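Colleague: Please see the structure below; I have some questions.
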Amino acid sequence: MKQSYKLPLLLILVAVQWGVFAAPQSRSSGECQRTAVVVLGAGTAGITAAQALTNASVTDFLIVEYQNDIGGRVAHTTFGTKADGTPYTIELGANWVQGLGTPPDGPENPIWTLAKKYNLTNTYSNYDSIETFNETGVVNFTYLFDDFEDAYAILEQDAGYILVDNLQDRSYRAGLSLAGWKPRQNMAQQAIEWWEFDWEYSDSPAQSSQEFSIVNYNTTFYQYSDQNNLVFDERGFNAFIKGEASTFLVADDPRLLLNTIVTNISYSDHGVTVHNQDGSCIQAQYAICTFSLGVLQRDVIAFEPELPSWKRQGIETFAFGTYTKIFMQFPPEQIFWNTSYQFFLYADPDERGYFPLFQSLDGPGFLEGSGILFVTVVQDQSYRVESQSDEETKQEVLAVLRRMYGAKNVPEPTAFMYPRWSLEPWSYGSYSNWPPGTTLEMHQNLRANVDRLWFAGEATSAEYYGFLHGAWFEGQAAGEGIAACLRGNCKAESRYRILHGTTRADEYNIANGTYITLPQVIRADGT
């Protein structure tokens, strides 16, 4: 790898550990900084894009980041107290490496490659290690998993026909119903369905595409593996992002502008100008916008000229979900759950997705003795809890736990916290989802560049939307694409001013952001 900056290894390690890369920037000159490429956002896609530029010998770039550190939605914090008085580290956002790889010679998820490279502490999530509950306590309804899987097999085959025969897409809910899975008021079935679908996609089957939900699942878990590993490293999951950044950024690197809030972006076929809240500005030949879909949909960035209608339709049509983990620490001597299980699924009698899934970090291979338990909610339930106080949410969660385990068995937690992703002005949500009826052409409009303004992130990945490796691939592609432009070999990305109602099989190609062949998307038997 060619690098234009060098730093002693010790200083690089210090930079990685403390996240100190950026130098204070002067905002008083009144003139715009000039650069070849400005990368907007220092999450996975932004850092990977900058790394791709560096690998192509393009070192004249600036990275602009809203927060005071890099990592984006791969974010962690300290929580609770260990026996020695120091805190634990918990992940607020991305938490898993999903689909590791197929040894010895099969493809490997790049996030897994990096997790191994930086020796991230992680443990296999055993989805068979689950205990089920309703409002009366432990009730075994795990037999329903088999019923759902039977319906899923039919739905998956049906999705293959939709794809290959160029048929009209439908909602995942419709696909399940046609396959015979109709939970309606059966709350145990609703809980199973939430576990199987909402927990992965941060949205309900009714709001999700049957065709592309299957494509999304298969391209990760059939191509790599069905193994998922939970990361709980004291450095934070984003240690791999910081580690990769340290290969081309040095401590106090003037190319990294932290605590810089973008307000306006002017673009043309000659260049891009970025205006920031602090009055500074940047003029670049090209820009890569890695802002979340949630930020783009909130209109918090003013574009000049206004983005064309085909681009705005792509942005507004795609969905952006919220996934909220609510953390609790209980006294280690008062652990009331069976720590031999990893997961605890709750079927509320009245409301689907009401604090449905608890997960123990106090168990074999995880943070044993920590007393940490967390519960996950998504979408409407996320919006609800994120708009109320910690105390209100804590009492609701404790009420559920006391129904599950008995009122006398559940003490007050010694620590309690959760993020509010839907309210974060640099994110406005967690990750994207593919709505029913949205074609690959429509998604490509979300992905495509507008003049010299390019876009990248997990939401722009046709294959891996919602996944961390989707952000990695898209950042790399954007960086490589702009590097080619700077060499005079520019290839504008496909865009569609006239949209068609279905996605033809021959549209699954590189021009539309899909890098694997159609047979890899569907099963070998044609499904």
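The values are calculated or read from the model by the stated rules, or taken from the named source; none is laboratory data. Quick caveat: nothing in here was measured; it's all calculated off a predicted structure. Cβ coordinates were reconstructed from backbone atoms using ideal geometry, including for glycine residues, and neighbour counts include every protein chain displayed. Accessible surface areas use protein heavy atoms only, side chains included; no ligands, DNA or RNA. Shrake-Rupley method; radii C 1.70, N 1.55, O 1.52, S 1.80 Å.
Colleague: Restricting attention to region 232-331, which GluC sites (Glu not before Pro) occupy a DSSP loop and are surrounded by at most 10 other Cβ atoms within 10 Å?
Modeller: Glu306
Colleague: Something else now. Does region 203-362 come out rounded, prolate or oblate, given a ≥ b ≥ c as the square roots of the eigenvalues of its C-alpha gyration tensor, rounded meaning a/c under 1.5 and, failing that, prolate meaning a/b above b/c?
Modeller: Prolate, since a/c reaches 1.5 and a/b exceeds b/c.
Colleague: Helix-only mean residue ellipticity at 222 nm, the chain, DSSP H runs n ≥ 4 weighted -39,500 (n - 2.57), per residue, nearest 500. What is it?
Modeller: -8500 deg cm²/dmol
Colleague: Find the cysteines in the chain that fail to meet the 4.7 Å Cβ criterion with every other cysteine, and list them.
Modeller: So, Cys289.
Colleague: In Å², and per residue, what accessible area does the chain have when probed at 1.4 Å with the other protein chains present?
Modeller: Computed with neighbouring chains in place, this is 40 Å² per residue.
Colleague: Also, quick follow-up: How much of the accessible area of the chain, probe 1.4 Å, is carbon plus sulfur, in whole percent?
Modeller: Within the chain, the accessible surface is 49 percent carbon and sulfur.
Colleague: Follow-up. Fully extended, how many nm does the chain gain between Ile154 and Arg298 (0.36 nm per residue separation, minus their Cα-Cα distance)?
Modeller: 48.1 nm
Colleague: Need one word for the chain: rounded, prolate or oblate. Basis is the Cα gyration tensor (sqrt eigenvalues a ≥ b ≥ c); a/c below 1.5 gives rounded, then a/b vs b/c decides.
Modeller: Here the chain falls in the oblate category.
Colleague: Using a Förster distance of 41 angstrom, determine the FRET efficiency expected from the C-beta separation of Ser340 and Gln283, and round it to 0.05.
Modeller: That gives a FRET efficiency of 0.10.
Colleague: Follow-up. Would you work out if region 236-280 is rounded, prolate or oblate? Take a ≥ b ≥ c from the square roots of the eigenvalues of the alpha-carbon gyration tensor; rounded if a/c is under 1.5, else prolate when a/b is larger than b/c, oblate otherwise.
Modeller: prolate
Colleague: Also: Students often forget the sequence filter, so: which lysines lie under 23 Å Cα-Cα from Lys311 once same-chain residues fewer than 8 apart are removed?
Modeller: Lys491
Colleague: Would you work out the relative contact order for region 287-432, in percent, from Cα pairs under 8 angstrom that are 6 or more residues apart?
Modeller: Over region 287-432, the number comes to 35 percent.
Colleague: Continuing with this model, one more query. With the crude spin-label approximation of a point 7 Å out along Cα→Cβ, what separation in nm comes out for Asn119 versus Asp165?
Modeller: Between Asn119 and Asp165, the label points sit 5.5 nm apart.
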